[in-house]
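The values are calculated or read from the model by the stated rules, or taken from the named source; none is laboratory data. All figures in this text were calculated on a predicted structure; none of them were measured in a lab. Cβ: placed from backbone, ideal geometry, glycine included. Neighbour counts: every protein chain shown. For the accessible areas, the whole protein counts, side chains as well, though only heavy atoms, and no ligand, DNA or RNA atoms are used. Shrake-Rupley method; radii C 1.70, N 1.55, O 1.52, S 1.80 Å.
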Amino acid sequence: MLKEPAPKLPLEQLEKNFADINPPLTAAQALEEGSRCLFCHDAPCIKACPTGIDVPHFIRQIITGNLRGSARTILEANILGQSCARVCPTSVLCEGACVLNAEGKKPVEIGRLQRYAVDPVIARGTQLFKPGTPNGYRVALIGAGPASLSCAAELRKRGYQTVIFDSNPQPGGLNTYGIAAYKMRARDVAMEVEMVRSLGVEIRSGVTIGKAVSVAELERDYDATFIGVGLGETEDLRIPGEDLAGCRDALSFIEETKSKSFDQVQVAKRVAVIGAGNTAIDVVTAARRLGAEEVYMVYRRSPEEMSAFDYEYELAKKDTVAFVWQAQPVRVVDGSGDRAGHVQALECVRTQRGPKDTRGRSSFVPVPGTEFRLDVGMVVKALGQKRKLEFLQAIPNLELANGCIVVDPQTMQTRNPRYFAGGDCVNGGGEVVDAVAHGKKAALGIHHVLESVAGRKAATTSQV
Amino acid sequence: MPDLTINFCGVRSPNPFWLASGPPTNSAYQIMRAFDAGWGGAVWKTIGEPIINTASRYGSIDLKNERMMGLNNIELISDRPVEDNLREIAEVKKRFPQHTVIASLMVESKRATWHDIVRRAEDAGADLLELNFGCPHGMSERGMGAAVGQVPEYATMITGWVKEVSRTPLIVKLTPNVTDIAHMAAAAKAGGADAVSLVNTFNSIVSIDIDTYAPRPSVAGLGSHGGYCGPAVKPIALHMVSSVAKHADIPISGIGGIGNWRDAVEFMLLGSTSVQVCTAAMHYGFRIVRDMIDGLENYLDEKGFSSAMELVGKSVPRIEDWGNLDLNYKIIARIDAQKCIGCNLCYIACEDGAHQCIRVEERPQGDLRHGGLPKHVPHILEDECVGCNLCALVCPVPDCISMVEINKDHQPMSWKQLQEARGKNPQCSNEELLHGKAAGRST
């Protein structure tokens with residue numbers, strides 16, 4: 001329980017605060033927006049999409065009234081096209097590459113058009129794809145996030161039997177638990193997962209590999225395994241007071257906003273969020289929208305080094321968040337009296353630019369004597385996620401670099417040839433669309449490997 | 001300020017912008033609103049024995065999100081009593097004596113009937129008469145409209161009947177649904193017409209509802225061919241106007257897809273003294289004339305014309321037979337690399353639709369995030385380029401692709417001249433003849 005909670009907003013207001021940030025286009029809007037597409041040849045938007053969606057083609061299909069075809073074009077390239085339409089950083093991907101930018105015009109709103117095409121198909125449960133003829137192979141997938149869902153769907157289309165194991169109660173991974181509610185709701189993700197499931201993908205939720213099912217069992221029962229476990233918990237602050245009540249991690253906070261009714265989520269009147277990545281933005285905006293009156297975003301470096309996308313930063317500005325640049329937390333201050341054991345304040349020290357590191361990035365060093373306090377009742381850590389080292393080390397012969405799985409970038413095959421991997425556990429934390437691209441690539445990699453085994457088998461048989 | 005007034009067959013009109021006969025000119029109420037808005041004249045919705053119309057009556061085609069690029073109608077002539085229309089003509093003329101009121105007429109093909117309607121229209125005060133020999137739907141099934149306009153002998157005959165009694169100048173409105181519209185203009189002139197107006201609407205089925213299989217506009221699930229007009233028909237109308245201007249010596253009132261002053265200037269340059277507008281007024285209302293007047297004034301001013309009449313026919317001598325075009329004139333495309341946005345539409349248009357004269361280097365597959373693409377500009381294979389214009393037409397960026405002349409000091413030679421030269425030098429190749437090398441040989 002928080003000691004100084006923000007005044008409770010009525011649920012109606014909360015729902016409004018978390019309403020769709022990018023509402024769906026109407027038919028007339030989609031036609032008008034789609035008409036702006038030049039239908040480029042060899043279009044840069046396609047190349048900028050990690051999953052290579054044929055954007056000009058799907059937009060043309062919208063304009064001609066071939067919505068089903070449009071959805072198929074999208075989902076064929078990216079089975080999670082519904083999520084990606086909502087959460088992709090389009091301004092640095094497809095829309096950033098749109099040639100209209102070069103003419104000083106607004107790029108085509110590709111993300112919203114994609115949503116316009118895909119939403120009805122997902123909502124109606126229209127079956128656009130069929131599973132392939134069973135080929136007898138079985139593939140296990142660990143983790144039910146975007147990478148595994150994409151990999152499994154792709155494998156099903158080729159006739160593989162696929163089983164996804166996930167330790168969470170609900171499938172979807174970060175799509176379900178880690179995306180700001182105003183971008184995507186859990187029910188949207190559920191419908192999308194349903195589409196994947198309807199291809200015949202089996203999902204065993206609440207099953208942890210290494211506990212309920214052992215790695216050895218997987219190796220015994222399946223021809224190949226895909227690892228799409230993502231990342232672990234939020235990094236620790238490693239400062240005193242981190243364990244005080246009211247000091248928590250970003251992901252569990254976002255998860256609460258996604259899995260509970262908004263009026264059941266606790267937020268303090270004053271909140272400090274540590275970090276300046278996209279997750280930190282999700283937290284500060286969520287805190288404001290839940291009713292926190294003062295929200296600080298505390299970052300050790302300057303705005304230049306901030307990893308959050310510009311449009312995310314804009315969101316935080318619109319939500320009137322106070323940015324505390326060049327401030328390093330040194331201590332979470334314990335309360336006194338009846339607030340003992342609870343967060344009372346965050347103590348920080350100013351930093352200044354130091355020498356550049358090997359990657360050319362400025363270091364920031366504390367300036368002694370510049371300590372100051374932010375009186376807050378809640379501190380949220382948004383420092384990035386830990387690697388799932390323990391789990392990954394339990395799998396034989398995986399090669400890790402910096403805690404991430406090393407794979408062949410063409411096939412996503414790990415050093416252990418029966419394992420493939422993709423998503424955040426490979427790239428250390430990327431976009432949903434990257435995970436989808438990885439999953440798709442891994443499916444082709446698995447297919448290639450198992451097929452060549454089959455080919456060898458067939459060759460051996462014919463020799464006999 | 002340049003003078004916008006025109007003289008049309010001796011009738012002075014405040015400006016060349018007239019409303020064409022159609023739904024916007026159905027009543028005195030509408031025409032007075034139009035004159036208040038600034039229109040110089042109006043051709044009354046065709047007067048004749050009142051008809052009964054259907055619901056619905058119009059259908060259109062859109063281009064992406066642009067509405068009504070082409071409009072089709074199956075509406076007939078006025079459904080109001082002749083005497084109401086004539087009384088209202090008199091009212092309009094009384095309130096707007098300086099404006100031009102043209103009575104459009106269509107009656108059954110009987111001499112006495114035509115005599116009667118002509119007399120009554122003139123008595124009502126019409127400044128000009130327009131014979132509707134063009135309506136392509138409905139009325140033509142009853143032996144009127146295009147049924148007359150498509151047979152030169154009928155057109156000459158009925159025009160002659162009208163001229164027997166008329167005192168005001170006579171315009172014959174021509175249908176474009178003929179093989180040679182200049183021939184029809186000549187037929188009208190032979191009957192005594194003082195002017196022609198063209199084009200009436202084109203025979204058309206504007207679209208089919210692919211869900212119900214019914215044509216549009218649908219009348220209880222059935223449809224009939226209608227008359228097609230609007231921006232989509234403008235180029236065809238321009239050609240027909242130029243053809244009449246070139247081959248029939250008769251004043252023209254131009255019609256067909258005119259929606260703004262630029263369109264009007266084009267029609268005037270090709271020989272129209274006045275222009276008539278209908279679809280654009282149906283789409284946006286009479287207020288569009290404000291910019292038509294203003295735009296024309298500015299244009300005339302900037303070009304140094306003192307009167308709109310100076311435009312009339314100025315481009316007619318520029319329309320030539322293909323055989324008189326210079327085969328030695330050479331232009332090629334040039335792409336401005338600074339302006340190019342990399343859409344590659346020019347490349348694919350040339351590659352698939354023209355002459356394979358544009359190359360684009362492969363784009364490197366780098367990380368496209370957080371920054372623009374490395375710019376790869378298509379370039380023209382200048383030796384291959386035939387100067388067709390297609391790349392410049394598809395390029396979405398203004399002035400990015402320009403067509404430049406590459407042999408300014410060439411000797412012109414047309415196809416007709418080439419034929420002559422060949423007659424004199426049958427042994428020479430086209431190449432030799434075109435470049436004047438034959439001259440040396442023949443001597």
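Gap in Å between the Cα centre of region A:19-72 and the Cα centre of region A:137-197? Here the answer is 24 Å between Cα centres.
Subtracting the Cα-Cα distance of residue B:110 and residue B:260 from 0.36 nm times their residue separation leaves 50.1 nm of extension gain. When Lys and Arg each count +1 and Asp and Glu each count -1, what net charge do the other residues less than 11 Å away from residue B:81, Cβ to Cβ, add up to? Net local charge, residue B:81 excluded: -3.
A 1.4 Å probe run over chain B, with the rest of the protein chains in place, finds 47 Å² accessible per residue. Any idea which of A:116, A:65, B:92 is furthest toward the positive side of the dipole for the protein assembly as shown, if Lys and Arg beta-carbons carry +1 and Asp and Glu beta-carbons -1? Value computed over the given set: A:116. Taking Cα atoms, how many degrees apart are the long axis of helix B:28-37 and the longest axis of chain B, rounded to 10 and kept between 0 and 90? Between the helix axis and the principal axis of chain B, the angle is about 40 degrees. Between residue A:191 and residue A:126, the simple spin-label model (points 7 angstrom out along Cα→Cβ) gives 1.3 nm. With the cut-off at under 18 Å, measuring from each backbone N in region B:154-175 to a point 7 Å along the Cα-to-Cβ line of residue B:190 picks out B:154-164, B:172-175. Summing charges over all other residues whose Cβ lies under 9 Å from the Cβ of residue A:235, with Lys and Arg as +1 and Asp and Glu as -1, gives 0. Rg over Rh for region A:247-381 works out to 0.99, both radii taken from alpha-carbon positions and Rh defined as the Kirkwood radius. Here r is the Cβ-Cβ distance between residue B:383 and residue B:211 and R0 is 51 Å; the resulting FRET efficiency, rounded to 0.05, is 0.45. Toward the positive end of the charge dipole of chain A, with +1 on the Cβ of Lys and Arg and -1 on the Cβ of Asp and Glu, the farthest Cα among A:306, A:326, A:245 is that of A:306. When a 1.4 Å probe is rolled over the protein heavy atoms, the share of accessible surface on chain A that falls to carbon and sulfur comes to 50 percent. Of the GluC sites (Glu not before Pro) found in region B:75-183, those that fall in a DSSP loop while having at most 14 other beta-carbon atoms within 10 Å are B:108. Modelled this way, with points 7 Å down the Cα-to-C-beta line, the labels at residue B:306 and residue A:399 are 9.0 nm from one another.
Charges were assigned to the Cβ only: +1 to each Lys and Arg, -1 to each Asp and Glu. The resulting dipole of chain B about its Cα centre is roughly 520 debye.
Loop-located trypsin sites (Lys or Arg not before Pro) in region B:129-204 (DSSP state other than H, G, I, E, B) with a sparse environment of at most 13 neighbouring Cβ atoms within 10 Å: B:167. Placing a label point 7 Å from the Cα of residue B:283 along the Cα-to-Cβ direction, the residues of region B:69-87 whose backbone N falls under 17 Å from that point are B:69-73. Full extension of the chain between residue A:317 and residue A:16 yields a length gain of 106.5 nm, computed as 0.36 nm times the residue separation minus the alpha carbon distance.
Between region A:204-250 and region B:1-42, how many Å separate their Cα centres? Cα centroid of region A:204-250 versus Cα centroid of region B:1-42: 80 Å apart.
Over the protein assembly as shown, DSSP H runs of length four or greater, each weighted -39,500 (n - 2.57), average out per residue to a 222 nm ellipticity of -10000 deg cm²/dmol. If you plug the beta carbon distance of residue B:219 and residue B:298 into 1/(1 + (r/R0)^6) with R0 = 56 Å, you get a FRET efficiency near 0.80. Rounded to the nearest 10 degrees, what's the angle between the helix B:152-165 long axis and the longest principal axis of chain B, both from Cα atoms, 0 to 90? Approximately 40 degrees, to the nearest 10.
Charging the Cβ of each Asp and Glu at -1 and of each Lys and Arg at +1, and nothing else, the dipole of region A:135-208 about its Cα centre rounds to 100 debye. When the square roots of the Cα gyration tensor eigenvalues are ordered a ≥ b ≥ c, the ratio a/c for region A:37-129 is 1.5 or more and a/b exceeds b/c, which makes its shape prolate. Since only A:225, A:146, A:25 are under comparison, the one whose Cα sits farthest along the positive direction of the charge dipole of chain A, derived from C-beta charges on Lys, Arg, Asp and Glu, is A:225.
The charge dipole of the protein assembly as shown, taken about its Cα centre with unit charges on the Cβ of Lys, Arg, Asp and Glu (plus for the first two, minus for the last two), comes to roughly 940 debye. Taking the alpha-carbon centroid of each part, what is the distance from region A:345-378 to region B:112-145 in angstrom? So the two Cα centres are separated by 91 Å. Rounded, prolate or oblate: which fits region A:178-277, taking a ≥ b ≥ c as square roots of the Cα gyration tensor eigenvalues, rounded meaning a/c under 1.5, else prolate when a/b beats b/c? Oblate. Can you compute the FRET efficiency between residue A:204 and residue A:444 using 1/(1 + (r/R0)^6), with r the Cβ-Cβ distance and R0 = 25 Å? Round to the nearest 0.05. About 0.55, to the nearest 0.05. Just the number, please: percent antiparallel of the DSSP beta bridges in chain B, rounded to the nearest 5. Bridges in chain B that DSSP calls antiparallel: roughly 45 percent. I want the local charge near residue A:222. Using Cβ-Cβ distances under 11 Å, sum +1 for each Lys or Arg and -1 for each Asp or Glu among the other residues. Here the charged neighbours net out to -1. Take the alpha carbon gyration tensor of region B:6-318, find the square roots of its eigenvalues, order them as a ≥ b ≥ c, and report rounded if a/c is under 1.5; if not, report prolate when a/b exceeds b/c, else oblate. Taking the square roots of the gyration eigenvalues as a ≥ b ≥ c, region B:6-318 is rounded. For the pair residue B:338 and residue B:415 in one chain, pulling the backbone fully straight at 0.36 nm per residue adds 23.9 nm over the alpha carbon distance. In this simple spin-label approximation, residue B:167 and residue A:408 carry label points 7 Å from Cα along the Cα→Cβ vector, and these lie 10.0 nm apart. On a 0 to 90° scale, report how tilted helix A:278-290 is relative to the longest principal axis of chain A, with both axes built from alpha carbons and the result rounded to the nearest 10. Between helix and principal axis, roughly 60 degrees.
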